[in-house]
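The values are calculated or read from the model by the stated rules, or taken from the named source; none is laboratory data. Note that the structure is predicted; figures quoted are calculated from it, not measured. Quick reminder, even Gly has a Cβ in these numbers, built from the backbone with ideal geometry, and neighbours come from all protein chains shown.
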Ligand SMILES: C[S@@+](CC[C@H](N)C(=O)[O-])C[C@H]1O[C@@H](n2cnc3c(N)ncnc32)[C@H](O)[C@@H]1O
(Lines give C-alpha, C1' and ligand atoms only; values in the text may rest on other atoms or scores of the structure.)
Protein backbone atom coordinates (compact mmCIF):
# COMPACT_ATOMS: atom_id res chain seq x y z
CA UNK A 1 0.00 0.00 0.00
CA UNK A 2 1.25 3.48 -0.83
CA UNK A 3 2.12 5.87 1.97
CA UNK A 4 -0.79 8.06 0.93
CA UNK A 5 -3.15 5.06 1.08
CA UNK A 6 -1.81 4.10 4.48
CA UNK A 7 -2.27 7.61 5.82
CA UNK A 8 -5.80 7.76 4.45
CA UNK A 9 -6.60 4.47 6.10
CA UNK A 10 -5.11 5.73 9.36
CA UNK A 11 -7.20 8.86 9.16
CA UNK A 12 -10.43 7.04 8.32
CA UNK A 13 -10.20 4.08 10.65
CA UNK A 14 -7.45 4.14 13.23
CA UNK A 15 -7.80 7.67 14.50
CA UNK A 16 -11.53 7.39 15.25
CA UNK A 17 -10.82 4.07 16.93
CA UNK A 18 -8.18 5.64 19.16
CA UNK A 19 -10.54 8.53 19.88
CA UNK A 20 -13.18 6.02 20.97
CA UNK A 21 -11.09 5.12 23.97
CA UNK A 22 -9.67 8.49 24.92
CA UNK A 23 -12.61 10.77 24.24
CA UNK A 24 -12.81 13.17 27.17
CA UNK A 25 -16.13 13.27 28.98
CA UNK A 26 -18.59 15.77 27.65
CA UNK A 27 -17.39 15.67 24.05
CA UNK A 28 -20.59 14.17 22.85
CA UNK A 29 -22.84 15.65 20.23
CA UNK A 30 -26.24 17.07 21.23
CA UNK A 31 -28.54 14.48 19.68
CA UNK A 32 -31.79 16.44 19.76
CA UNK A 33 -30.29 19.55 18.15
CA UNK A 34 -28.29 17.56 15.63
CA UNK A 35 -31.30 15.59 14.35
CA UNK A 36 -33.66 18.54 14.45
CA UNK A 37 -31.20 20.64 12.44
CA UNK A 38 -30.87 17.83 9.94
CA UNK A 39 -34.59 17.13 9.48
CA UNK A 40 -35.65 20.77 9.52
CA UNK A 41 -33.23 21.54 6.70
CA UNK A 42 -34.37 18.57 4.60
CA UNK A 43 -36.36 19.54 1.49
CA UNK A 44 -38.53 16.50 1.83
CA UNK A 45 -38.54 13.86 4.51
CA UNK A 46 -36.50 11.09 3.01
CA UNK A 47 -33.86 9.12 4.84
CA UNK A 48 -31.37 9.43 2.01
CA UNK A 49 -30.88 13.01 3.11
CA UNK A 50 -30.07 11.93 6.63
CA UNK A 51 -27.66 9.17 5.62
CA UNK A 52 -25.87 10.92 2.75
CA UNK A 53 -26.24 8.06 0.25
CA UNK A 54 -28.33 7.98 -2.91
CA UNK A 55 -32.00 7.07 -2.83
CA UNK A 56 -31.28 4.00 -4.96
CA UNK A 57 -28.63 2.77 -2.55
CA UNK A 58 -30.91 3.40 0.39
CA UNK A 59 -33.81 1.51 -1.20
CA UNK A 60 -31.43 -1.37 -1.98
CA UNK A 61 -30.41 -1.46 1.69
CA UNK A 62 -34.00 -1.32 2.89
CA UNK A 63 -35.00 -4.25 0.63
CA UNK A 64 -32.08 -6.36 1.88
CA UNK A 65 -32.92 -5.53 5.48
CA UNK A 66 -36.62 -6.23 4.97
CA UNK A 67 -35.83 -9.59 3.39
CA UNK A 68 -33.64 -10.52 6.35
CA UNK A 69 -36.32 -9.53 8.86
CA UNK A 70 -38.97 -11.50 6.95
CA UNK A 71 -36.64 -14.49 6.64
CA UNK A 72 -36.12 -14.43 10.40
CA UNK A 73 -39.85 -14.20 11.13
CA UNK A 74 -40.67 -17.04 8.71
CA UNK A 75 -37.93 -19.38 9.97
CA UNK A 76 -38.90 -18.71 13.59
CA UNK A 77 -42.60 -19.05 12.73
CA UNK A 78 -43.30 -15.77 14.51
CA UNK A 79 -46.74 -14.43 13.62
CA UNK A 80 -46.67 -10.65 13.44
CA UNK A 81 -50.21 -9.95 12.32
CA UNK A 82 -51.99 -7.84 14.91
CA UNK A 83 -48.89 -7.51 17.10
CA UNK A 84 -48.22 -4.04 18.52
CA UNK A 85 -44.99 -2.62 17.13
CA UNK A 86 -42.68 0.14 18.31
CA UNK A 87 -40.38 1.64 15.69
CA UNK A 88 -37.64 3.78 17.21
CA UNK A 89 -36.09 6.70 15.32
CA UNK A 90 -38.66 6.48 12.56
CA UNK A 91 -37.14 9.27 10.44
CA UNK A 92 -38.91 9.26 7.07
CA UNK A 93 -41.23 6.40 8.10
CA UNK A 94 -39.74 3.47 6.18
CA UNK A 95 -40.16 0.98 9.01
CA UNK A 96 -43.58 2.22 10.08
CA UNK A 97 -44.71 1.60 6.51
CA UNK A 98 -43.10 -1.85 6.49
CA UNK A 99 -44.79 -3.03 9.71
CA UNK A 100 -48.06 -1.56 8.53
CA UNK A 101 -47.80 -3.55 5.28
CA UNK A 102 -47.19 -6.66 7.36
CA UNK A 103 -50.47 -5.94 9.16
CA UNK A 104 -48.84 -5.57 12.55
CA UNK A 105 -50.96 -3.22 14.57
CA UNK A 106 -51.01 -0.77 16.06
CA UNK A 107 -47.67 0.64 14.89
CA UNK A 108 -46.11 3.34 17.08
CA UNK A 109 -43.19 5.42 15.87
CA UNK A 110 -41.05 7.42 18.28
CA UNK A 111 -38.81 10.18 16.95
CA UNK A 112 -36.55 12.73 18.62
CA UNK A 113 -36.86 15.37 15.88
CA UNK A 114 -39.94 17.58 15.91
CA UNK A 115 -39.64 18.23 12.17
CA UNK A 116 -39.43 14.52 11.40
CA UNK A 117 -42.46 13.97 13.66
CA UNK A 118 -44.43 16.56 11.69
CA UNK A 119 -43.49 14.82 8.44
CA UNK A 120 -44.51 11.42 9.85
CA UNK A 121 -47.82 12.72 11.19
CA UNK A 122 -48.60 14.19 7.81
CA UNK A 123 -47.60 11.02 5.89
CA UNK A 124 -49.68 8.72 8.08
CA UNK A 125 -52.54 11.09 8.97
CA UNK A 126 -55.20 8.83 7.41
CA UNK A 127 -54.20 5.67 9.26
CA UNK A 128 -55.78 5.25 12.70
CA UNK A 129 -53.54 2.28 13.51
CA UNK A 130 -50.36 4.35 13.29
CA UNK A 131 -49.33 6.53 16.22
CA UNK A 132 -46.45 8.98 16.12
CA UNK A 133 -44.76 10.15 19.32
CA UNK A 134 -42.13 12.81 19.71
CA UNK A 135 -39.51 11.70 22.19
CA UNK A 136 -36.08 10.37 23.02
CA UNK A 137 -35.96 6.59 23.46
CA UNK A 138 -33.57 7.12 26.36
CA UNK A 139 -36.07 9.05 28.47
CA UNK A 140 -39.48 8.23 26.92
CA UNK A 141 -42.05 6.94 29.38
CA UNK A 142 -43.16 3.64 27.89
CA UNK A 143 -44.61 2.26 31.11
CA UNK A 144 -48.11 1.95 29.69
CA UNK A 145 -47.04 0.15 26.54
CA UNK A 146 -46.17 -3.42 25.78
CA UNK A 147 -44.88 -4.21 22.33
CA UNK A 148 -44.58 -7.56 20.56
CA UNK A 149 -42.00 -6.22 18.11
CA UNK A 150 -39.49 -3.38 18.35
CA UNK A 151 -37.35 -2.10 15.50
CA UNK A 152 -34.51 0.42 15.65
CA UNK A 153 -32.82 0.49 12.29
CA UNK A 154 -29.76 2.75 12.07
CA UNK A 155 -30.68 4.47 15.34
CA UNK A 156 -29.22 3.13 18.59
CA UNK A 157 -25.60 3.67 17.49
CA UNK A 158 -26.45 7.37 17.33
CA UNK A 159 -26.73 7.36 21.13
CA UNK A 160 -23.10 8.14 21.81
CA UNK A 161 -23.03 8.58 25.57
CA UNK A 162 -22.62 5.17 27.22
CA UNK A 163 -25.02 5.79 30.11
CA UNK A 164 -27.72 7.08 27.77
CA UNK A 165 -27.17 4.06 25.54
CA UNK A 166 -27.70 1.65 28.42
CA UNK A 167 -30.85 3.52 29.48
CA UNK A 168 -32.16 3.18 25.92
CA UNK A 169 -31.51 -0.58 25.92
CA UNK A 170 -33.17 -0.88 29.35
CA UNK A 171 -36.21 1.08 28.13
CA UNK A 172 -36.48 -1.11 25.03
CA UNK A 173 -36.31 -4.35 27.03
CA UNK A 174 -38.73 -3.00 29.61
CA UNK A 175 -41.43 -2.22 27.06
CA UNK A 176 -41.06 -5.49 25.10
CA UNK A 177 -43.64 -8.20 25.88
CA UNK A 178 -42.38 -11.53 27.25
CA UNK A 179 -41.41 -13.52 24.16
CA UNK A 180 -41.41 -10.35 22.05
CA UNK A 181 -38.58 -9.69 19.61
CA UNK A 182 -36.41 -6.72 18.76
CA UNK A 183 -34.44 -5.85 15.63
CA UNK A 184 -31.51 -3.45 15.71
CA UNK A 185 -29.03 -2.73 12.94
CA UNK A 186 -25.34 -2.12 13.54
CA UNK A 187 -21.90 -3.69 13.25
CA UNK A 188 -21.58 -5.69 16.48
CA UNK A 189 -17.86 -6.22 16.16
CA UNK A 190 -15.24 -6.91 18.79
CA UNK A 191 -14.76 -3.30 19.93
CA UNK A 192 -16.77 -0.21 20.65
CA UNK A 193 -16.03 2.38 18.02
CA UNK A 194 -16.78 6.10 17.66
CA UNK A 195 -17.67 7.15 14.13
CA UNK A 196 -19.11 9.91 12.00
CA UNK A 197 -17.27 12.93 13.28
CA UNK A 198 -19.38 15.98 12.83
CA UNK A 199 -18.69 19.64 12.42
CA UNK A 200 -20.36 22.07 14.78
CA UNK A 201 -22.57 23.34 12.02
CA UNK A 202 -25.82 21.52 11.24
CA UNK A 203 -24.95 20.80 7.61
CA UNK A 204 -22.91 17.63 7.81
CA UNK A 205 -20.80 16.62 4.88
CA UNK A 206 -20.83 12.86 5.11
CA UNK A 207 -17.80 12.33 2.92
CA UNK A 208 -15.50 14.55 4.93
CA UNK A 209 -16.94 13.61 8.27
CA UNK A 210 -13.88 11.62 9.35
CA UNK A 211 -11.78 14.72 9.59
CA UNK A 212 -9.09 14.57 12.27
CA UNK A 213 -9.93 17.81 13.98
CA UNK A 214 -13.58 17.06 14.51
CA UNK A 215 -14.08 15.46 17.84
CA UNK A 216 -17.81 15.06 18.17
CA UNK A 217 -18.77 11.58 17.14
CA UNK A 218 -22.40 11.21 16.06
CA UNK A 219 -22.17 7.41 16.19
CA UNK A 220 -20.76 4.95 18.67
CA UNK A 221 -21.03 1.33 17.70
CA UNK A 222 -21.06 -1.16 20.59
CA UNK A 223 -19.37 -4.49 20.53
CA UNK A 224 -21.23 -7.77 20.37
CA UNK A 225 -20.09 -8.47 23.93
CA UNK A 226 -21.46 -5.17 25.23
CA UNK A 227 -24.81 -5.78 23.53
CA UNK A 228 -24.97 -9.29 24.98
CA UNK A 229 -24.18 -8.18 28.54
CA UNK A 230 -26.48 -5.17 28.49
CA UNK A 231 -29.42 -7.01 26.94
CA UNK A 232 -29.08 -9.85 29.45
CA UNK A 233 -28.87 -7.39 32.35
CA UNK A 234 -32.27 -6.06 31.27
CA UNK A 235 -34.08 -9.35 30.66
CA UNK A 236 -33.45 -9.86 26.94
CA UNK A 237 -31.19 -12.23 25.05
CA UNK A 238 -29.52 -12.18 21.63
CA UNK A 239 -31.10 -14.73 19.30
CA UNK A 240 -28.84 -14.19 16.30
CA UNK A 241 -26.81 -11.59 14.45
CA UNK A 242 -27.57 -11.73 10.72
CA UNK A 243 -25.24 -10.42 8.06
CA UNK A 244 -26.91 -8.29 5.38
CA UNK A 245 -25.57 -9.59 2.09
CA UNK A 246 -24.99 -6.46 0.01
CA UNK A 247 -22.82 -6.56 -3.11
CA UNK A 248 -19.23 -5.78 -2.09
CA UNK A 249 -19.06 -2.73 -4.35
CA UNK A 250 -22.19 -1.11 -2.92
CA UNK A 251 -21.91 0.92 0.24
CA UNK A 252 -24.79 0.43 2.64
CA UNK A 253 -25.56 1.61 6.16
CA UNK A 254 -24.79 -0.89 8.98
CA UNK A 255 -24.54 -4.37 7.44
CA UNK A 256 -25.72 -6.47 10.36
CA UNK A 257 -29.06 -7.10 12.04
CA UNK A 258 -29.13 -8.15 15.67
CA UNK A 259 -32.29 -9.96 16.75
CA UNK A 260 -33.05 -10.27 20.46
CA UNK A 261 -35.87 -11.72 22.49
CA UNK A 262 -37.38 -10.95 25.88
CA UNK A 263 -37.42 -13.94 28.19
CA UNK A 264 -40.81 -15.74 28.40
C1 LIG B 1 -30.19 7.46 10.44
S2 LIG B 1 -31.85 7.88 10.81
C3 LIG B 1 -32.69 6.31 10.53
C4 LIG B 1 -34.16 6.50 10.23
C5 LIG B 1 -34.97 5.22 10.02
N6 LIG B 1 -34.92 4.33 11.16
C7 LIG B 1 -34.55 4.46 8.78
O8 LIG B 1 -33.98 3.35 8.89
O9 LIG B 1 -34.81 4.94 7.69
C10 LIG B 1 -31.84 7.95 12.60
C11 LIG B 1 -33.15 8.49 13.14
O12 LIG B 1 -33.22 8.30 14.55
C13 LIG B 1 -33.69 9.49 15.18
N14 LIG B 1 -33.10 9.48 16.54
C15 LIG B 1 -31.80 9.65 16.87
N16 LIG B 1 -31.62 9.51 18.18
C17 LIG B 1 -32.85 9.22 18.72
C18 LIG B 1 -33.31 8.97 20.04
N19 LIG B 1 -32.47 9.01 21.08
N20 LIG B 1 -34.63 8.71 20.24
C21 LIG B 1 -35.49 8.70 19.19
N22 LIG B 1 -35.11 8.94 17.90
C23 LIG B 1 -33.80 9.20 17.67
C24 LIG B 1 -33.19 10.61 14.28
O25 LIG B 1 -33.94 11.80 14.39
C26 LIG B 1 -33.33 9.98 12.90
O27 LIG B 1 -34.59 10.23 12.34
Report summary line: Counting only residues in segment 160-173 that are within 15 Å of the ligand (Cβ to nearest atom), more than 16 Å from residue 224 (Cα to Cα) and at pLDDT 90 or above, the one surrounded by the most Cβ atoms within 10 Å (Cβ to Cβ) is identified as 172
Query raised in the report: Among (1) in contact with a helix residue (DSSP H, G or I) (Cβ under 6 Å, 6 or more places away or on another chain); (2) modelled with pLDDT of 95 or more, which single condition is residue 122 missing?
Result: (1)
**Report entry** Some residue of segment 106-113 being buried (at least 19 other Cβ atoms within 10 Å of the Cβ), part of a loop (DSSP other than H, G, I, E, B) and touching a residue at least 12 places away in the same chain (Cβ under 8 Å)
**Finding:** yes
Query raised in the report: Limited to segment 77-101, what total is found for residues that are away from the ligand (no atom under 16 Å from the Cβ) and free of Cβ contacts under 8 Å to residues at least 40 places away in the same chain?
Result: 4
